[in-house]
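J.: Sharing a structure below in structure tokens format, with a few things to ask.
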Amino acid sequence: MTANLELPKLDTSKGAAFTSDQVTVVFVLGGPGAVKGTQCNRLVEDYHFIHLSAGDLLRAEQNREGSQFGSLINHYITEGLIVPQEITISLLKNNIEENYKKGNTKFLVDGFPRKMDQAITFEEIIVPSKFVLFFDCPEDVMLERLMERGKTSGRVDDNVESIKKRFKTFEETSMPVINMFASKNKVIKIKCDQSVDEVYNDVQKNIKDRL
Ligand code: ADP
Ligand code: AMP
């Protein structure tokens with residue numbers, strides 16, 4: 001799929017672009033439909049974070065006129081696969097740098113890192129994360145929420161076939177990343193088979209002393 005395309009280069013020779021004093025990054029992880037986006041929207045209102053959703057950035061790049069990565073991204077998203085880190089990290093890096101120039105220094109990086117290489121590269125070339133918010137949700141609840149969302153989302157991957165593939169990718173590829181951060185005591189785990197307000201109360205209680 002990437003055979004004829006030149007992926008953006010990630011320069012790992014210069015170290016991190018920012019220090020943790022300059023920029024705060026909170027990674028937001030959880031299975032598909034676990035409520036990441038919904039809770040990020042609440043946090044943006046109350047804590048003035050900039051919300052960068054890896055999935056939203058990839059969909060915007062896919063639809064950008066002139067993008068050479070449109071069909072590649074469409075393929076990965078439909079199949080529930082992890083888009084190559086060169087594309088995903090370049091989009092995040094550009095956004096963080098542009099925002100920083102405007103004086104924004106606090107970021108919720110949602111749906112990222114979903115694979116170990118991304119976790120390592122991001123912290124190496126952008127900034128080490130502060131902590132990870134992990135929304136833990138049973139698959140049957142996520143499935144129900146995504147099927148409901150699929151009625152109006154227009155997303156190519158909110159259907160049973162893609163959702164099952166996304167669950168598999170999450171278990172096999174993304175859970176090891178969460179476990180790695182947990183082993184460093186960087187994970188705040190939130191149960192999300194409860195109402196939006198209840199989930200958010202838990203989030204607020206748990207992040208209070210970490211920001
Ligand atoms: P993610 O960003 O993790 O894919 P979303 O935030 O888009 O998940 O949530 C998935 C779907 O579930 C959305 O349609 C959203 O409106 C709905 N939703 C979010 N939080 C809750 C909740 N606590 N209870 C029920 N449905 C929810
Ligand atoms: P989301 O909007 O978070 O549900 O993500 C939708 C899809 O976008 C995923 O199933 C992946 O195909 C792709 N995607 C999202 N985040 C990433 C990421 N961090 N790295 C690679 N691909 C991603």
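The values are calculated or read from the model by the stated rules, or taken from the named source; none is laboratory data. Here the structure is a predicted model, which means the values were calculated and not measured. Glycine also receives a Cβ, built like all others from the backbone with ideal geometry; neighbour counts cover every protein chain displayed. All accessible areas refer to the heavy atoms of the entire protein, side chains included, with ligands and DNA or RNA removed. Shrake-Rupley method; radii C 1.70, N 1.55, O 1.52, S 1.80 Å.
J.: Can you name the number of the only condition in (1) over 30 Å from E198 (Cα atoms); (2) in contact (Cβ under 8 Å) with a residue 60 or more places away in the chain; (3) assigned to a helix (DSSP H, G or I); (4) β-branched (V, I, T) that I82 fails?
T.: Failed condition: (3).
Residue-by-condition table, conditions (1) open to solvent by 50 Å² or more (accessible area, probe 1.4 Å); (2) more than 13 Å from ligand 2 (Cβ to nearest atom); (3) at pLDDT below 95; (4) assigned to a helix (DSSP H, G or I):
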| residue | (1), (2), (3), (4) |
| --- | --- |
| L133 | no, yes, no, no |
| R155 | yes, no, no, no |
| N179 | yes, yes, no, yes |
| E198 | yes, yes, no, yes |
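J.: Let me ask you something else. Which of (1) under 15 Å from the mean Cα position of the chain (by Cα); (2) in contact (Cβ under 8 Å) with a residue 24 or more places away in the chain is the odd one out, the single condition H48 does not satisfy?
T.: Among (1) under 15 Å from the mean Cα position of the chain (by Cα); (2) in contact (Cβ under 8 Å) with a residue 24 or more places away in the chain, the lone unmet condition for H48 is (1).
J.: Related question: Between a residue in region 94-122 that is closer than 18 Å to G80 by Cβ and any residue that is of a type in the set (A, V, I, L, M), which pairs come within a Cβ distance under 6 Å, given they are 6 or more apart or on different chains?
T.: Short answer, once both residue conditions are applied: D110/V28; G111/A54; F112/A54; P113/A119; P113/V177; R114/I82; K115/I82; M116/V177.
J.: For region 17-29, check the following and say yes or no: at least one residue is hydrophobic (A, V, I, L, M, F, W, C), within 23 Å of T121 (Cα to Cα), within 14 Å of ligand 2 (Cβ to nearest atom) and open to solvent by 60 Å² or more (accessible area, probe 1.4 Å). Please lay out each step first, then the result.
T.: So the first thing to find is which residues in region 17-29 are hydrophobic (A, V, I, L, M, F, W, C), and the list is 17-18, 23, 25-29.
Those still in the list that are within 23 Å of T121 (Cα to Cα) too: 17-18, 23, 25-29.
Okay, now just the ones that are also within 14 Å of ligand 2 (Cβ to nearest atom), so 25, 27-29.
Next, only the ones that are open to solvent by 60 Å² or more (accessible area, probe 1.4 Å) stay: none.
No: zero hits.
J.: Continuing with this model, one more query. Can you report the number of residues in region 30-39 which are on the phi < 0 side of the Ramachandran plot and crowded, with 22+ Cβ neighbours inside 10 Å?
T.: The qualifying residues number 5.
J.: Among (1) within 14 Å of ligand 2 (Cβ to nearest atom); (2) within 25 Å of V203 (Cα to Cα); (3) of a type outside the set (G, A, S); (4) within 15 Å of the chain's Cα centre (by Cα), where does T121 come up short?
T.: For T121, the failing item is (2).
J.: Inside region 81-120, can you point out the residues that are more than 16 Å from S53 (Cα to Cα), in contact with a helix residue (DSSP H, G or I) (Cβ under 6 Å, 6 or more places away or on another chain) and not aliphatic (A, V, I, L, M)?
T.: Answer for region 81-120, where residues must be more than 16 Å from S53 (Cα to Cα), in contact with a helix residue (DSSP H, G or I) (Cβ under 6 Å, 6 or more places away or on another chain) and not aliphatic (A, V, I, L, M): just D117.
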